[in-house]
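The values are calculated or read from the model by the stated rules, or taken from the named source; none is laboratory data. As the structure is a computational prediction, the values presented were derived from the model and not from experiment. With ideal geometry, Cβ positions are generated from the backbone for all residues, glycine too; neighbour counts draw on all protein chains shown. Side chains are part of the model used for accessible areas, which takes the heavy atoms of the whole protein and leaves out ligands, DNA and RNA. Shrake-Rupley method; radii C 1.70, N 1.55, O 1.52, S 1.80 Å.
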Amino acid sequence: MTTPASRRVARAVWRQTAALGAFTLREYRIWQSYRVNQIMWLTNIFVTTLLFFLMGRMLTAADAHLMGAAYGTNYMSFVVVGIAVNTFLFTNLADPYTRIQRSYFNGTMDLFLLSPMSIFMPLVGLMTKSLLDDYPRLFIVGAFGMLLFGAQFRFQFSLAALGFTILLLAAAFGIGAISASSFYLLNIKRGTEPVRFIVQQLLATLLAGTYYPITVLPRPLQWVACFIPHTYAFDALRRLLDPGANMGLPVLPVQRIVPWSPLTVDAVALGLMTAILLPLGFLLYGRGIEKARREGTLTRWQ
Amino acid sequence: MMDGPAVDLRAVGKTYPGVELSLRGTKLETLGPALWVKNAIRAARLTIEAAPPVTALADVSLTVAPGEVLGVLGPNGSGKTTLIKILAGLIRPSAGSGSVVGYPLGSSDAIRRRVSYVSTTGWMGLEWALSARDNLRFFAELSGMSPALARTRTDEVLGALDLTDDAYKLTSELSNGMRQRLIMARALLWRTPLVLLDEPFVGLDPGHRQALSDYIRRELPARGQTVVISDHQAEVVESVADRVLILDKGRVRALGTVAHIMQSLSGLIVLEVVTELSDTPVLSPPPLVRRVERRMRPGPLGLMHWRLTVEQGPSTFSAVLTWLSSAGGRIVEVEERRPGLQDVMADSTVLAAEGA
């Protein structure tokens, strides 16, 4: 038998699900209305993968040790994981701020904040366009890498890889929500948003090991890399997916000092980051909305 | 339908904190990291920077009954949009208390489920790559309507706003007026108890303006929906509202039915006078002149247009014309008319607020 409370919860869940569905449908309609964009989208993925294939060809067998024994010897496999993960990681981290900024300036935020849905729903819902755009890249980069450029993967640990991917996406979205919160909380409405810039464009680009293992970095920078989720995700996914990768050989500085297996260290680190960053992101975003309501900066002055 | 008033405000005010754009002459917005650090420090309340606050609304008290249409009239910057955003829960008032659709002003979550809102430039929130119909369906589905109900409601409001023939056009292909009707249609989708319309007639041709006025006047109150509609054009508000609230610099200048407000103007007339270009009159205006407004009349002739609100009396004309003649210019044209809401809006000396 259903109680009034459970009916209320069911209604609220239905409302949020319907809102997310509406966002997804709308973004899909927009995405598929730009036909030329789809061709460019595919071309861009192909060119990016080709670029690293050509760079990979410069590596000789003698250079393979640069990749570190932990990740196998196939540079294309190494870099395909980096590119593929980076594309959708970029979405989760960079998109919330950009989307909130856009809907604020084009006047849609008023309507979203007056719609019967959670104040967090626009944060998630507006991302769906990028999800449609970026998440399939994971598979297309993988397909290009395997079919055209000699990348190889093993799939017996796919489930574990999926688990790490989900943790990574959640942690990255937490950072994305913190970044979006600065739009209202710190009133950063133009230019480069610092959280996103520091994590994505500075730390992740240089230190996370998208295109090279972090062992090529000076030791202090390797420690800095341990403070972003990307580092652990790349490490774990390469160990799980790249053929010839070593599950037991520590690479990251934290793995060298903690007496656990490297994959356990990755899982715990990612889990902790998710547990901290995700609620923190929502908390700060909610605070930002409330502050903007008080100050009258919630919606664009028209 | 709610038991109490749809809107009940008591001494509500809003003061915006001042915005500081520069520090020691350096434009901070050009220095991203500097702005970030400054805002972080301010957010942590480590420093308080004194920039002059702006009072947008002060001491506004009013009640609006369910099913009533309240017009909010005032010049640009008078506080109309601030008032509407407070009612929508988009802005927290800094003073006063009250309720909207039966919920305290601070209950944004409860209020926003019961309010529809059309903002001045709401067309910007439409997705240009989608058709008029798809835009509406998105907002219908956002509220948790079933797909069938969303379709029915969408078709219904498209018909009501004369957009059925344009339903499958992309938003980018619609004229300005059509887009304005589309955002109006969007506000009507949800049938909320309170409909807030902030200058909804912008860009509409006279025919559609009249049709929309009639629709607001006739259909919404019949469904029990309360409407608060703002504009800076008196005739627009006058044609649709049961009562009118006139705001000036954030304060209530008048509140009441159009008849009540016009009654307060009895004994006054407006003289529209055209003179040759002249200096300021050397004499003081006669005491029966309540308000003077003058501007250059466009054109090559060099004429001056005077609008005078004056007390009606046997010597009104002669006193006014003598005064104007003292400026030295010849009087070209004089026209007398009864004052309207537009004159009340512009004249701070005429009326006191109802119940204020």
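Tell me which residues, restricted to segment B:244-258, are within 15 Å of residue B:63 (Cα to Cα) and surrounded by fewer than 19 Cβ atoms within 10 Å (Cβ to Cβ).
Selection gives B:256, B:257.
With the checklist (1) under 18 Å from residue A:94 (Cα atoms); (2) more than 14 Å from chain B (Cβ to nearest Cβ); (3) in contact with a Leu (Cβ under 9 Å, 6 or more places away or on another chain) in hand, flag the one item residue A:203 doesn't pass.
(3)
Can you name every residue in segment A:104-143 that is aromatic (Phe, Trp, Tyr) and under 23 Å from residue A:297 (Cβ atoms)?
The answer is A:104, A:105, A:112, A:120.
When residue A:254 is evaluated against the numbered criteria (1) away from chain B (no Cβ under 14 Å); (2) open to solvent by 60 Å² or more (accessible area, probe 1.4 Å), which criterion, by number, is the only one it fails?
The number of the failed condition is (2).
Scan (1) small (Gly, Ala, Ser); (2) within 13 Å of another protein chain (Cβ to nearest Cβ); (3) open to solvent by 40 Å² or more (accessible area, probe 1.4 Å); (4) touching a residue at least 60 places away in the same chain (Cβ under 8 Å) for the single condition residue A:191 breaks and write down its number.
The single condition residue A:191 does not satisfy is (4).
Results for (1) more than 33 Å from the chain's Cα centre (by Cα); (2) open to solvent by 70 Å² or more (accessible area, probe 1.4 Å); (3) more than 13 Å from residue B:330 (Cα to Cα), shown as yes or no for each residue.
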position	(1), (2), (3)
B:271	no, no, yes
B:288	no, no, yes
B:291	no, no, yes
B:295	no, yes, yes
B:304	no, no, no
B:312	no, yes, yes
B:316	yes, no, yes
B:319	yes, no, yes
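For residues that are without any contact (Cβ under 8 Å) to a residue 60 or more places away in the chain and more than 9 Å from chain B (Cβ to nearest Cβ), tally how many sit in segment A:5-34.
Of the residues in that region, 9 qualify.
Can we say residue A:296 is at pLDDT 90 or above and within 14 Å of chain B (Cβ to nearest Cβ)?
no
Name the one entry in A:229, A:213, A:262 that is open to solvent by less than 30 Å² (accessible area, probe 1.4 Å) and in contact with a Pro (Cβ under 7 Å, 6 or more places away or on another chain). Before the answer, list the steps.
Values: A:229 fails: in contact with a Pro (Cβ under 7 Å, 6 or more places away or on another chain); A:213 fails: in contact with a Pro (Cβ under 7 Å, 6 or more places away or on another chain).
After applying the criteria, what remains is A:262.
Identify all residues within segment A:84-128 that are open to solvent by 10 Å² or more (accessible area, probe 1.4 Å) and over 21 Å from the mean Cα position of the chain (by Cα); write none if there are none.
Within segment A:84-128, A:104, A:105, A:106, A:111, A:116, A:118, A:119 qualify.
So which of B:202, B:274, B:292, B:228 is outside any helix (DSSP H, G or I), at pLDDT 90 or above and not hydroxyl-bearing (Ser, Thr, Tyr)?
So the residue among B:202, B:274, B:292, B:228 that is outside any helix (DSSP H, G or I), at pLDDT 90 or above and not hydroxyl-bearing (Ser, Thr, Tyr) is B:228.
Quick one: residue B:144 ticks every box in (1) of a type outside the set (Lys, Arg); (2) outside any helix (DSSP H, G or I); (3) surrounded by fewer than 20 Cβ atoms within 10 Å (Cβ to Cβ) bar one, so which box is it?
For residue B:144, the failing item is (3).
Quick check on residue B:150: is it part of a helix (DSSP H, G or I), under 25 Å from residue A:31 (Cβ atoms) and either more than 7 Å from every other protein chain (Cβ to nearest Cβ) or open to solvent by less than 10 Å² (accessible area, probe 1.4 Å) (or both)?
Here the answer is yes, as residue B:150 does meet what is asked.
List the residue pairs whose Cβ atoms are under 8 Å apart, where the first residue sits in segment A:194-215 and is closer than 18 Å to residue A:236 by Cα, the second is of a type in the set (S, T, N, Q) and modelled with pLDDT under 85, and the two are 6 or more positions apart or on different chains.
A:204/A:86; A:204/A:210; A:210/A:86
Would you be able to say whether some residue in segment B:49-67 is farther than 23 Å from residue B:258 by Cα, within 13 Å of another protein chain (Cβ to nearest Cβ), at pLDDT 65 or above and part of a loop (DSSP other than H, G, I, E, B)?
There is at least one residue in segment B:49-67 that is farther than 23 Å from residue B:258 by Cα, within 13 Å of another protein chain (Cβ to nearest Cβ), at pLDDT 65 or above and part of a loop (DSSP other than H, G, I, E, B).
Within segment A:91-121, track down each residue that is part of a helix (DSSP H, G or I) and within 10 Å of chain B (Cβ to nearest Cβ).
Across segment A:91-121, the qualifying residues are A:103, A:105, A:108, A:109, A:110, A:111, A:112, A:113, A:121.
Taking into account only those residues within segment A:163-219 that are in contact with a Ser or Thr (Cβ under 6 Å, 6 or more places away or on another chain) and in a loop (DSSP other than H, G, I, E, B), which is nearest to residue A:294 (Cα to Cα)?
Only one residue tops the list, namely A:188.
State whether one or more residues within segment A:210-225 are within 23 Å of the chain's Cα centre (by Cα) and within 14 Å of chain B (Cβ to nearest Cβ).
So far as segment A:210-225 goes, no, none of its residues is within 23 Å of the chain's Cα centre (by Cα) and within 14 Å of chain B (Cβ to nearest Cβ).
Restricting the search to segment B:295-330, which residues are of a type in the set (Lys, Arg) and farther than 19 Å from residue B:340 by Cβ?
B:297, B:330
Can you find even one residue in segment B:224-236 that is closer than 30 Å to residue B:311 by Cβ, of a type in the set (A, V, I, L, M, F, W, C) and buried (at least 16 other Cβ atoms within 10 Å of the Cβ)?
Checked segment B:224-236: at least one residue is closer than 30 Å to residue B:311 by Cβ, of a type in the set (A, V, I, L, M, F, W, C) and buried (at least 16 other Cβ atoms within 10 Å of the Cβ).
Looking at residue B:110, is it more than 7 Å from chain A (Cβ to nearest Cβ), buried (at least 18 other Cβ atoms within 10 Å of the Cβ), of a type in the set (Gly, Ala, Ser) and not in a strand (DSSP E or B)?
Here the answer is no, as residue B:110 does not meet what is asked.
Out of the residues in segment A:204-223 that are of a type in the set (A, V, I, L, M, F, W, C) and farther than 17 Å from residue A:266 by Cβ, state the one that is modelled with the highest pLDDT.
Per the stated criteria, the residue is A:221.
Residues of segment B:78-104 being open to solvent by 10 Å² or more (accessible area, probe 1.4 Å), part of a loop (DSSP other than H, G, I, E, B) and within 11 Å of chain A (Cβ to nearest Cβ), which ones?
Result: B:92, B:93, B:94.
Being assigned to a helix (DSSP H, G or I), closer than 22 Å to residue A:93 by Cβ and open to solvent by 60 Å² or more (accessible area, probe 1.4 Å) narrows it down to one residue among A:280, A:284, A:237, A:270; which is it?
Answer to the check: A:280.
Among the residues of segment B:118-128, is there at least one that is of a type outside the set (Phe, Trp, Tyr), over 24 Å from residue B:9 (Cβ atoms) and more than 8 Å from chain A (Cβ to nearest Cβ)?
yes
Test each condition in (1) in contact with a helix residue (DSSP H, G or I) (Cβ under 8 Å, 6 or more places away or on another chain); (2) surrounded by 22 or more Cβ atoms within 10 Å (Cβ to Cβ); (3) modelled with pLDDT of 90 or more for residue B:181 and report the one that comes out false.
The one condition residue B:181 does not meet is (3).
Could you pull out the residue among A:160, A:171 that is more than 14 Å from chain B (Cβ to nearest Cβ) and surrounded by fewer than 17 Cβ atoms within 10 Å (Cβ to Cβ)?
Exactly one of A:160, A:171 is more than 14 Å from chain B (Cβ to nearest Cβ) and surrounded by fewer than 17 Cβ atoms within 10 Å (Cβ to Cβ), namely A:160.
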